[in-house]
Amino acid sequence: KLAMEFPSEDIFLITASPVIKAVTNFKQVSKTLEEFDVEEQPSSLLENRYPNIKVIQSGVKQLKSDEHKIFTEDGKEYTYEKLCLCAGAKPKLIFEGNPYVLGIRDTDSAQAFQKNLAQSERIVVVGNGGIALELVYEIQGCEVIWAIKDKAIGNTFFDAGAAEFLIPKLTAEKQETPIECKRTKYTMEGSEEKERPTAAPDKLGGALGPDWHEGLYLKGTKEFSHKVHIEILCEVKKIHLQQEFMQLQRTSLTFPKEEKNAEPDEVLWPVYVELTNGKIYGCDFIVSATGVVPNAKPFLDGNNFAVGEDGGLKVDKHMHTSLPDIYAAGDICTASWEPSPVWHQMRLWTQARQMGWYAAKCMVADTLGESIDMDFSFELFAHVTKFFNYKVVVLGKYNAQGLGLDHELMLRCTKGQEYVKVVMQNGRMMGAVLIGETDLEETFENLILNQMDLSAYGEDLLNPDIDIEDYFD
């Protein structure tokens with residue numbers, strides 16, 4: 001965006017990664033819903049397309065905002081007129097520095113995970129967001145103990161009803177053949193695959209795109225397909241290495257069978273996970289899929305940024321941080337403007353793309369001294385994804401976020417086919433969750449945006465025999 005607006009200005013993209021993440025197959029599904037793939041591409045592609053962009057492959061050592069300078073790890077310095085920080089977020093690991101704990105958020109960590117899985121008989125997955133959901137569904141031939149702190153799976157996207165709707169998919173044998181993956185993998189020029197430097201845990205790759213597990217062969221050593229046991233309402237209390245565990249003289253459990261509880265386990269495992277509910281399970285390794293923290297730390301030293309409660313750099317409605325000429329977009333920032341009643345920030349690819357695009361527009365407008373309106377994508381929270389091979393659309397305050405007790409829910413569910421939930425407040429639609437091919441997303445998007453009073457329709461709003469679209473198109 002910047003390169004198109006300012007063809008004669010130099011634009012530097014400083015990145016620690018040898019590849020850049022590009023949005024491909026972009027499709028505007030409705031006013032606010034968009035679908036796209038995220039692909040890794042060599043940075044030369046970007047430089048060839050825009051001659052005024054120069055990609056600098058190096059980590060950032062320091063930002064001196066009062067001097068308008070960035071210092072990179074390879075010893076160089078760059079002076080900027082305007083700077084946009086898009087350093088994303090890093091995985092929030094349950095325990096730092098333990099070789100048996102893997103965090104997953106970028107393509108490098110997904111590859112490390114795949115290597116470990118090939119030799120594994122049992123893993124423990126901790127976390128209840130999108131990545132944990134996808135992972136547990138995709139893993140085959142390996143026992144999975146899934147520890148979640150909530151009562152139901154997928155709390156970031158769903159309520160207990162939606163979880164109930166999805167659970168049968170976890171136990172069914174997988175019939176679907178995986179779709180050919182469109183994500184290609186680039187190695188650095190001249191380096192053979194075996195020499196490809198795997199990113200050290202503190203080196204951050206770009207976040208995983210929406211179909212990150214496609215094309216990764218997620219299979220353990222066992223011959224069965226799915227074997228998942230969910231431990232609810234618990235967190236990891238402690239992790240014991242094999243030696244420590246033997247000295248504790250405590251009992252670990254086998255994989256629980258349906259009809260009875262787990263027995264004491266005879267097998268010796270490399271690592272043991274003690275849960276807050278008192279149970280201990282041995283496993284080959286632990287996946288920490290417990291969300292992310294904004295990667296703002298490298299920029300804080302010596303700079304007086306206003307920082308949000310979640311650790312992100314606060315930005316105003318023009319994506320401007322509290323420091324002159326510095327903007328931020330994506331996972332690193334915390335939206336600190338008064339949001340629309342049906343929008344909230346969530347660290348997702350869709351929002352990162354929208355924020356980056358809008359931040360560039362703001363940088364252009366500021367440079368030219370023009371005024372700019374808030375981007376339409378911040379009017380309504382809207383996200384489309386796939387879980388357990390179902391299409392999933394979430395709109396507005398889909399989990400009644402911030403509405404307190406003053407709301408009601410309406411549900412429609414056809415087992416194995418679709419799940420529709422709407423969040424109503426004072427007769428107006430505030431949010432919705434659509435799982436399956438419901439074809440209701442555009443209608444519901446309009447109803448949430450125009451805040452029409454729907455009290456007259458009552459329960460009929462979700463009556464499958466009434467073609468709701470005809471009413472409101």
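The values are calculated or read from the model by the stated rules, or taken from the named source; none is laboratory data. Note that the coordinates shown come from a computational prediction; the quantities given were computed from them, not determined experimentally. Please note: Cβ atoms are built from the backbone with ideal geometry, for glycine as well, and neighbour counts cover all protein chains shown. What goes into the accessible areas is simple: the full protein's heavy atoms, side chains included, and nothing from ligands, DNA or RNA. Shrake-Rupley method; radii C 1.70, N 1.55, O 1.52, S 1.80 Å.
When the residues of the range 72-98 are filtered to those that are hydrophobic (A, V, I, L, M, F, W, C) and farther than 17 Å from residue 315 by Cβ, the one that is most open to solvent (accessible area, probe 1.4 Å) is 95. Looking only at residues in the range 12-27 that are over 29 Å from residue 445 (Cα atoms), open to solvent by 30 Å² or more (accessible area, probe 1.4 Å) and among the aliphatic types (A, V, I, L, M), the one that is modelled with the lowest pLDDT is 16.
Would you pick out the residues in the range 408-446 that are in a strand (DSSP E or B), open to solvent by 40 Å² or more (accessible area, probe 1.4 Å) and at pLDDT 90 or above?
Result: 428, single match.
Give the range 145-169 a look and list any residue that's among the aliphatic types (A, V, I, L, M) and either in a helix (DSSP H, G or I) or open to solvent by 10 Å² or more (accessible area, probe 1.4 Å) (or both), or say none. Within the range 145-169, 152, 160, 162, 163, 166, 167 qualify. Within the range 364-423, the set of residues being aromatic (Phe, Trp, Tyr) and touching a Gly at 6+ places or on another chain (Cβ under 6 Å) comprises 381, 390, 398.
If the condition is being open to solvent by 10 Å² or more (accessible area, probe 1.4 Å) and part of a loop (DSSP other than H, G, I, E, B), then the range 290-307 contributes 290, 291, 295, 301, 302, 303, 304, 305, 306.
Conditions (1) free of Cβ contacts under 8 Å to residues at least 12 places away in the same chain; (2) of a type in the set (A, V, I, L, M); (3) part of a loop (DSSP other than H, G, I, E, B), marked per residue:
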residue	(1), (2), (3)
287	no, yes, no
311	no, no, yes
318	no, no, yes
323	no, yes, yes
342	no, yes, yes
346	no, yes, yes
350	no, no, no
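Being open to solvent by 20 Å² or more (accessible area, probe 1.4 Å) and in contact (Cβ under 8 Å) with a residue 24 or more places away in the chain is a property that does not hold for residue 115.
Among the residues here, residue 101 does not qualify as touching a residue at least 12 places away in the same chain (Cβ under 8 Å), in contact with a helix residue (DSSP H, G or I) (Cβ under 6 Å, 6 or more places away or on another chain) and in the same structural domain as residue 167 (by the TED database). Exactly one residue out of 6, 71, 12 is within 27 Å of the chain's Cα centre (by Cα) and farther than 30 Å from residue 131 by Cβ: that is 12.
If you filter the range 353-388 down to residues that are within 17 Å of the chain's Cα centre (by Cα) and assigned to a loop (DSSP other than H, G, I, E, B), you find that the one that is modelled with the highest pLDDT is 381.
So which of 325, 284 is crowded, with 16+ Cβ neighbours inside 10 Å and not assigned by the TED database to the domain that holds residue 22?
Details: 325 fails: not assigned by the TED database to the domain that holds residue 22.
Among 325, 284, only 284 is crowded, with 16+ Cβ neighbours inside 10 Å and not assigned by the TED database to the domain that holds residue 22.
Taking the criterion of being open to solvent by 10 Å² or more (accessible area, probe 1.4 Å) and more than 27 Å from the chain's Cα centre (by Cα), the residues of the range 269-281 that qualify are 269, 270, 277, 278, 279.
Tell me which residues, restricted to the range 218-267, are open to solvent by less than 30 Å² (accessible area, probe 1.4 Å), at pLDDT 90 or above and within 32 Å of the chain's Cα centre (by Cα). Within the range 218-267, 231, 234, 236, 239, 240 meet the criteria. Within the range 28-46, the set of residues being open to solvent by 60 Å² or more (accessible area, probe 1.4 Å) and farther than 23 Å from residue 377 by Cβ comprises just one member, 45. Restricting attention to the range 27-73, the residues that are of a type in the set (Ser, Thr, Tyr) and touching a helix residue (DSSP H, G or I) at 6+ places or on another chain (Cβ under 9 Å) add up to 4. Among the numbered conditions (1) out of contact with any Asp or Glu (no Cβ under 6 Å at 6 or more places or on another chain); (2) in the same structural domain as residue 301 (by the TED database); (3) over 21 Å from residue 18 (Cα atoms); (4) open to solvent by less than 30 Å² (accessible area, probe 1.4 Å), the only one that residue 66 does not meet is (4).
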